[in-house]
Amino acid sequence: MKLRRYRAADTEGLAAVFTSSVHALAVDQYDAAQRHAWASLPPDLDEWRQRFEGLHTIVAEEAGSYLGFISYEENGHIDLLYTAPGAARKGVASALLREAVTQLSTAGDTPELFTEASLVAVPFFSRHGFEITEEQTLVRRGVSFQRFAMRRG
Ligand SMILES: CC(C)(COP(=O)(O)OP(=O)(O)OC[C@H]1O[C@@H](n2cnc3c(N)ncnc32)[C@H](O)[C@@H]1OP(=O)(O)O)[C@@H](O)C(=O)NCCC(=O)NCCS
């Protein structure tokens, strides 16, 4: 697996990873209406281009295929973390998180991190030392979702 910085040419591939990840990996936790509100089909590529422009993104790939990506902000906010369904539970998201921490670390200081985790992602972030600070209900495209604010550090 290779980790590298996002390039504009990755937009379509990463939007596809996001969409397939939500529809396959979140199927037990969120119903179809929730998954479609979270990840529209087809993805809106202009919206994705703009979103990536405002974030730092690291891509994981192997043999030219996308395995996953993480997008974060300088303040330690993990905005997006998605693994391709076929690559789940192989350490991809863990490697991406470790790389983001390395990039965010200045002069050896471990950065404080925070995120809004889906029900699918809570066990992952807990495993990485995050704690739930708040349960949230989010309304997107008229559909409500449960998620959890989590923090580490
Ligand atoms: C959450 C997500 C990013 C985890 O990606 P991943 O590459 O499978 O994670 P890793 O392989 O690095 O997992 C590391 C550890 O986290 C925990 N973990 C990860 N996914 C888990 C799951 N579905 N259930 C329980 N524990 C899980 C396990 O402890 C795992 O270690 P193990 O496989 O040795 O048991 C992935 O499931 C995903 O993309 N989900 C759908 C989209 C989503 O919810 N993204 C986050 C938005 S906030």
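The values are calculated or read from the model by the stated rules, or taken from the named source; none is laboratory data. For clarity, every value in this text was computed on a predicted model and none was experimentally measured. Cβ: placed from backbone, ideal geometry, glycine included. Neighbour counts: every protein chain shown. Quick note on the areas: whole protein, heavy atoms, side chains included, nothing else; ligands and nucleic acids left out. Shrake-Rupley method; radii C 1.70, N 1.55, O 1.52, S 1.80 Å.
Averaged per residue, what accessible surface does the chain expose to a 1.4 Å probe, in Å²?
Accessible area per residue: 54 Å².
In nm², what is the average projected area of the convex hull enclosing the Cα atoms of the range 73-153?
Across all orientations, the range 73-153 yields a mean hull projection of 5.9 nm².
How much accessible surface does residue 128 have with a 1.4 Å probe, in Å² rounded to 10?
40
Could you check the simple spin-label distance between residue 29 and residue 149, using points 7 Å along Cα→Cβ, in nm with one decimal?
1.8
Measure out, as a whole number of angstrom, how far apart the alpha-carbon centroids of the range 51-66 and the range 111-153 sit.
Using only Cα atoms to place each centre, the spacing works out to 21 Å.
Over the range 26-84, what percent of the accessible surface lies on carbon and sulfur atoms, probe 1.4 Å?
Carbon and sulfur atoms account for 45 percent of the accessible area of the range 26-84.
Where does each of 141, 5 land when they are ordered by accessible area, with a 1.4 Å probe and the largest first?
Highest to lowest solvent-accessible surface, that is 141, 5.
Could you go through the range 75-87 in sequence order and give the Karplus-derived ³J(HN,Hα) for each residue, using 6.51 cos²θ - 1.76 cosθ + 1.60 with θ = phi - 60°, rounded to whole Hz, and x for Gly and Pro?
Once rounded to whole Hz, the list reads 7, x, 6, 8, 8, 9, 8, 9, 10, 4, x, x, 10.
For the range 2-111, taking Cα atoms only, what is the radius of gyration to one decimal and the Dmax to the nearest whole Å?
Computed over the Cα atoms of the range 2-111, radius of gyration and Dmax are 14.0, 45 Å.
Apply 1/(1 + (r/R0)^6) to the Cβ-Cβ distance of residue 106 and residue 50, taking R0 = 22 Å, and write down the FRET efficiency to the nearest 0.05.
So the FRET efficiency works out to roughly 0.20.
In percent, how large is the relative contact order of the chain, given Cα pairs closer than 8 Å and 6 or more residues apart?
Averaging sequence separation for qualifying contacts and normalising by length gives 21 percent for the chain.
Give the residues of the range 102-132 whose amide nitrogen is closer than 20 Å to a point set 7 Å from the Cα of residue 139 in the direction of its Cβ.
Output list for this probe position: empty.
Taking the Cα centre of the range 1-146 as origin, sum charge times position over the Cβ atoms of Lys and Arg (+1) and Asp and Glu (-1), and report the length of that vector in debye to the nearest 20.
The dipole magnitude comes to about 480 debye.
Using the beta-carbon distance between residue 79 and residue 41 and R0 = 22 Å, what value does 1/(1 + (r/R0)^6) give for FRET efficiency, to the nearest 0.05?
The value I calculate is 0.55.
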